[in-house]
Amino acid sequence: MLYKLIVLLPVIGALIGGLLGRWIGHRGAEIITSSLLVLSAILSCVAFYQVAIAGQGPEEAITFFRWFDVGAFEADWALRIDTLTVVMMVVVTGVSSLVHIYSIGYMSHDPHRARFFSYLSLFTFAMLALVTADNLLQMFFGWEGVGLASYLLIGFWYKKPSANAAAIKAFLVNRVGDFGFAIGIMAIFFVFDAVDFDTIFAKAPELAGTNFLFLGQSVDVLTTICLLLFVGAMGKSAQIFLHTWLPDAMEGPTPVSALIHAATMVTAGVFLVCRMSYLFEYAPDALYVVTLVGAVTAFFAASVALVQNDIKRVIAYSTCSQLGYMFFAAGLGAYDAAMFHLFTHAFFKALLFLCAGSVIHGMSDEQDMRNMGGLFKYLPWTGMLMIIGTLSITGVGIPHTLIGFSGFVSKDAIIEGAYAVGTPIGGFAFWIGLIAAAMTAFYSWRLIFMTFFGRPRAPIDIMSHVHESPATMMIPLLVLAFGAIFAGIALQSLFIGSASEGFWGDALLVLGSTGHEVVEAAEQGAHDLPNWVVLGPFVVMLLGLTWAAYWYLKRPDIPERIAANRGLLYLFLLNKWYFDEIYDFLFVRPAKRLGRFLWKRGDGWLIDGFGPDGVAALVLGTTRRAIKLQTGYIYHYAFAMLIGVAAAATYLYVKAVGAL
Amino acid sequence: MNSSEMISASFTLVLPEVFLSVGAMALLMLGVFRGDRATRLVSWLAVFLLFVAGVAVLQGPELRTLAFGGSFVVDPFGQFVKILMLIGVALCLIMSMNFIREEKFERFEFPVLIVLASLGMSMMISANDLISLYMGVELQSLSLYVLAAFNRDSLRSSEAGMKYFVLGALSSGLLLYGCSLIYGFTGTTNFDVLRETLIPGGLSIGLIFGLVFLLAGLAFKVSAVPFHMWTPDVYEGAPTPITALFSAAPKIAAMALLVRVLIWPFTDVALSAVPEWRQIIVALAMLSMVLGAFAAIGQSNIKRLMAYSSIGHMGFVLLGLAAGTQEGVRGVLVYLTIYLVMTVGVFACILSMRRREGMVEDIEELAGLSRNHPLMAFALMVLMFSLAGIPPLAGFFAKFYVLVAAVHEGLYTLAIVGVLASVVSAYYYLRIVKIMYFDEPAEPFLSPIGGEIRLILGASSLFLLFYVVFAFPLLGVTDLVARSLF
């Protein structure tokens, strides 16, 4: 009942807010959806305690009803409750409820608030359906549900053309990933004859190393399946090649960015890989790809974030980069570290986004950091909280201990773990992680310095209106800040430390030796992890901080000059490695050309021309000729009659003679 | 039986025709003595006469009976068609009464001529001999020529009568030539004798020529393409009630005659060989359906449009005849029944298109009828949907039966052409509905439209709308009737 309530409360809120919004008014919709979600979040915490800490989770899946039963194809609506699920539940309902409350203040001027809250709750429901899924089909339902909610919320301000374009882009790019995911599910059904996790996980070891025919090639079963699933994960989690939608998705309202495009939906891919660890562990080649893609994304996104000027885009690329960390951790087998980073990341990234929202709110919808600066004395609370978020994401803490901000605990565990794995790909991930950490520090502090310090660059009339946000917006920020500071220290031992085995239970499967075990051992003094590895992340963080401080506090003319010079590297980064341009050239324009061809020539000329239009023209032509026959002259009429007689007589005569 | 007994027996068989002829002469006398003031009385008496004739038809023998030495036949087929024809004539007569007064040509000869025309049609339907056939056709035609030109002050009416007369004379010539060829090659004019002499050996070439000419003459009467050219001009020019009469009763009578001539003497039912005439009928049917559909699209005058519409519908009836089976004949009969109802209904509407300045005939004048006269618009919509053949209205079933009959006989091409033509024709029927319901309203028509007309319009649209209720009795009757020809 508890678990069912957690999942169903948001959808009840969404239905009430969406369908009855007219009657209960905006205030009613806000209160109902928000309070239902807060209730759901509290229940999630209870569930978290029961399942993960007290170990009293339900033995079996909780079934609502049977959904499909066609031959061997069976699927239930059921909840699979294990540690992985409850961790996600806490993240999703927690951040969602905070975002709901925050939105009451943030969206207070919007005329369509009821719809907005309905969408938010709908999203939460879909996300919960995704994380509680007991089979791949239900997961796919949630997967598509969050995609839909994301589409609706990005395009929430539907009168803005850029928002509509961004919504469509997000939907289409996700479709590429979903296509892979769908094929993966079909392949799983083809191989396993089932889509529910228990059956799949039980059978996976038998199938390791076997081959099957895919696209005419004989390929490894599990590797293929895992790669297909990973394509889905790449789309949803905005990994390189399928990342282009995430920065554009910032067109949506900022609370949406915080909830969907930072804390929850984009982490669905990481969740998927962890959930399917029972498969991925038997497909080392697929894990290799996961690591590679994750590492490259971490580097790529961080590099682009260095030069962006839109405050939300910087954080969006930062999200992309942090997701890369999670993926390469998962790829190296450290699913627990990936999930831990996912958990802490939800706090500090949601905090950063909501702070950015507070800044934007205070600056009358200005998003360009070049027009900010010196805001700290106007927005002291927001500034403080945003610095806390930055300290967390850049990983400030005391090396060789576990004392530090959340980001320090979880990110350093990933980086050190990558080194400790000891394989070439692990080493690669380690170095990339280190470089990306330096860049993270640089761009995060650059954001703080450009926004809150230096001289004000905004026009006077905007500066005179700058105001701190109302309490409904600040309280969620405080809660998140609390998490951003303490979540790492408090939960380290559960997620990746000494108690992690009991914590995760059967939710994750790890076959080989993984980095975090090595780290754990190192921390207990049994193993020797080189000193520079432990100090490395801290040092690069300081490096990035110093550099950013020097450039943006002391010598702001240097970055300005670099921007003005428009050097090749600068332009390359500013234009996000030209991904959008390349895609435009490779896919968008040919598709448009093909569409145009099919429309103009295929449909307009061929089908319409010979179909409806052609027939209509033919009918009209025939009609005109038929009318012309009717001249009005008697001798024409008589002539027609005689021709008729002659023709009939001739025909029958020829036929009769022929028959003789 | 001596000859006087024979003649008196024959007279009891032709009782309806006797009523009609004697009554027509009596009405003529009444008119002569009372003058044009008596027109309305004469009209109602004519209607009564038609009713009495109908009763007399129903009193006739149940089995096929010959009279006057085999030149006249009374059978269920003839009785059924005669009833249809009499109903059609009577309804047209009723609808015409107010019209001829309004249009100022109220003369007593009008109803008398109509009664004489129905006498001719009755003769045609019962003809069992080439001579009696010709007699009936001529009596009918001569009356109709005069009726077409009845409004002699109107140029168009006179032109219509003239054209009809000249072309009718030509067709009579063709018909007579065909008759003489048939007589020349067989030595008989009687259908029963023909039936016995012709069947075994098939038709000789001379006979085929005779048949072609005979068919040409009859095709003129049913206005099948290419013998249809007179139809649009005459329909447009003739006074509207006469147009209604043209498109209903004579078509039915001529079609019945055509069916009898082709089925009784010229079809070998037992040997089930393909009759020689089928090719001609197939060609006529195809051309009629196609031309009726296409040419009607370009019309703006509703009477002209109905002319092409009736050409198309006659094509469909010929499609049933082309099958040449009992099922086909049944289809023909059902089709004629429904066609009669639809035609009378539509003309009731056309007769209601009155403005202060007189009758209007342009389709555009119907614009916005749904707002000015919602009930009339609805009735006309039902009529149009039925004419277009949209289920579950009667017009759909009419087409369905003849198509099924044709398909059973393997006439696939013909059936497909029929369906396609039906699709094309739906366009102009639906256009009228569109004009009535979606165009900006034109000036409303004068109301009230006469009570009889409203009654006829309402009854016909109700029949079409609830045809399914009447379907089974009608099918049963027509099935029995069609059997009498085989």
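Each reported figure results from applying straightforward, stated rules to the coordinates on display, with no laboratory input. It should be emphasised that the depicted structure is a prediction, and the values quoted were computed from it without experimental measurement. Ideal geometry is used to build each Cβ from the backbone, glycine not excepted, and the neighbour counts take in all protein chains shown.
What to note about this one:
- Within straight-line reach of B:LYS82, meaning a Cα separation under 17 Å, sit the following lysines at least 8 residues removed in sequence or on another chain: B:LYS221, B:LYS251.
- Cα shape, the stretch A:363-459, gyration tensor, a/c 1.5 rule: prolate
- Residue among B:VAL282, B:GLY358, B:PHE294 farthest towards the positive dipole end of the stretch B:250-373, charges placed on Cβ: B:GLY358
- Formal net charge of residues neighbouring A:GLY105 (Cβ-Cβ distance under 12 Å; K, R +1; D, E -1): -2
- Shape call, chain A: gyration tensor on alpha carbons, a/c limit 1.5: prolate
- Local electrostatic count, A:GLN367, Cβ distance below 15 Å [Lys/Arg +1, Asp/Glu -1]: -1
- Cα→Cβ-extended label distance, 7 Å offset, between B:SER4 and A:LEU574, nm: 12.8 nm
- Cross-link reach list, aspartates and glutamates versus A:LYS576, counting only Cα pairs under 20 Å and skipping chain neighbours closer than eight places: A:ASP248, A:GLU251, A:ASP310, A:ASP368, A:GLU560, A:ASP584
- In units of the rule-of-thumb radius 2.2 N^0.38 Å, the protein assembly as shown shows an alpha carbon radius of gyration of 1.44.
- Cβ charges +1 (Lys, Arg) and -1 (Asp, Glu), total dipole of chain A, debye: 3120 debye
- In order through the stretch A:56-72: 3J(HN,Hα) via Karplus (6.51 cos²θ - 1.76 cosθ + 1.60), integer Hz, x for Gly, Pro: 10, x, x, 5, 10, 5, 8, 9, 7, 6, 7, 9, 10, 8, 10, x, 7
- Lys/Arg +1, Asp/Glu -1 at C-beta; the stretch A:30-144 dipole; positive extreme among A:VAL99, A:TRP67, A:LEU37: A:VAL99
- Between amide H atoms placed 1.01 Å from N, distances below 5 Å from B:THR267 occur with no residue 5 or more places distant or on a separate chain.
- Relative contact order for the stretch B:293-373, counting Cα pairs under 8 Å that sit 6 or more residues apart, in percent: 30 percent
- Exposure proxy order (Cβ contacts within 10 Å, fewest to most) of A:THR623, A:THR394: A:THR623, A:THR394
- Fewest-first ranking of A:PHE353, A:PHE376, B:PHE48, using other Cβ atoms within 10 Å as the exposure measure: B:PHE48, A:PHE376, A:PHE353
- Cα centroid of the stretch A:14-35 to Cα centroid of the stretch A:536-554, whole Å: 47 Å
- For A:VAL396, nonlocal amide neighbours, meaning residues 5 or more places apart or on other chains whose placed amide H falls under 5 Å from its own, are A:PHE405, A:PHE408.
- Among B:GLU102, A:GLU59, B:GLU62, A:GLU281, sorting on how many other beta-carbon atoms sit within 10 Å of each Cβ, with the fewest leading, yields A:GLU59, B:GLU62, B:GLU102, A:GLU281.
- Interchain or long-range residues, amide H under 5 Å from A:ALA133's placed H: A:ARG80
- Cβ charges +1 (Lys, Arg) and -1 (Asp, Glu), total dipole of chain B, debye: 480 debye
- Counting only alpha carbon atoms, the long axis of helix B:76-102 and the longest principal axis of chain B meet at about 30°.
- Label zone at B:ASP268, where the point sits 7 Å out along the Cα-to-Cβ direction: the stretch B:211-230 residues whose backbone N lies under 19 Å: B:211-212
- Each part reduced to its alpha carbon centroid, the stretch B:393-421 and the stretch A:84-155 end up 60 Å apart.
- Backbone phi angles across the stretch A:335-340, fed through the Karplus curve with coefficients 6.51, -1.76 and 1.60 (θ = phi - 60°), yield HN-Hα couplings of 4, 5, 5, 4, 5, 5 Hz in residue order; Gly and Pro are listed as x.
- The stretch B:116-244: C-alpha gyration tensor shape, a/c 1.5 cut-off, then a/b vs b/c: prolate
- Applying a threshold of 31 Å to the alpha-carbon distances of A:LYS4/A:LYS236; A:LYS159/A:LYS600; A:LYS159/A:LYS554; A:LYS159/A:LYS312; B:LYS104/B:LYS303 flags A:LYS159/A:LYS554 as lying beyond it.
- Cleavage-rule hits, trypsin sites (Lys or Arg not before Pro), the stretch A:135-197, DSSP coil, Cβ neighbours within 10 Å at most 15: A:LYS159
- A:ALA208-B:GLU443 FRET efficiency (beta carbon distance; Förster radius 60 Å; 0.05 resolution): 0.10
- The separation of the stretch A:587-660 from the stretch B:9-45, counted between C-alpha centres, amounts to 51 Å.
- Note, ³J(HN,Hα) from phi for the stretch A:350-356, Karplus 6.51, -1.76, 1.60, rounded to Hz, x at Gly and Pro: 4, 4, 4, 5, 5, 5, 4
- When the Cα positions of B:SER157, A:GLY417, B:VAL81 are compared along the charge dipole of the protein assembly as shown, B:SER157 comes out farthest toward the positive end, with charges on each C-beta of Lys, Arg, Asp and Glu.
- Rounded to 10°, Cα long-axis angle of helix B:155-186 versus longest principal axis of chain B: 10 degrees
- Net charge, A:GLN630 excluded, C-beta distance under 13 Å - Lys, Arg +1, Asp, Glu -1: +3
- Estimated purely from DSSP H runs of n ≥ 4, each contributing -39500 (n - 2.57), the mean residue ellipticity at 222 nm for the protein assembly as shown is -24000 deg cm²/dmol once divided by its residues.
- FRET efficiency for the pair A:ILE460 and A:GLN56, taken as 1/(1 + (r/R0)^6) with r the Cβ-Cβ distance and R0 = 45 Å, rounds to 0.15.
- Between helix A:406-421 and chain A: long-axis angle, C-alpha atoms, 0 to 90°, nearest 10: 80 degrees
- Low-density loop positions, trypsin sites (Lys or Arg not before Pro), the stretch B:337-374 - DSSP coil, at most 12 other Cβ in 10 Å: B:ARG356
- Computed from point charges on the beta carbon alone (+1 for Lys and Arg, -1 for Asp and Glu), the dipole magnitude for the protein assembly as shown about its Cα centre is near 3280 Debye.
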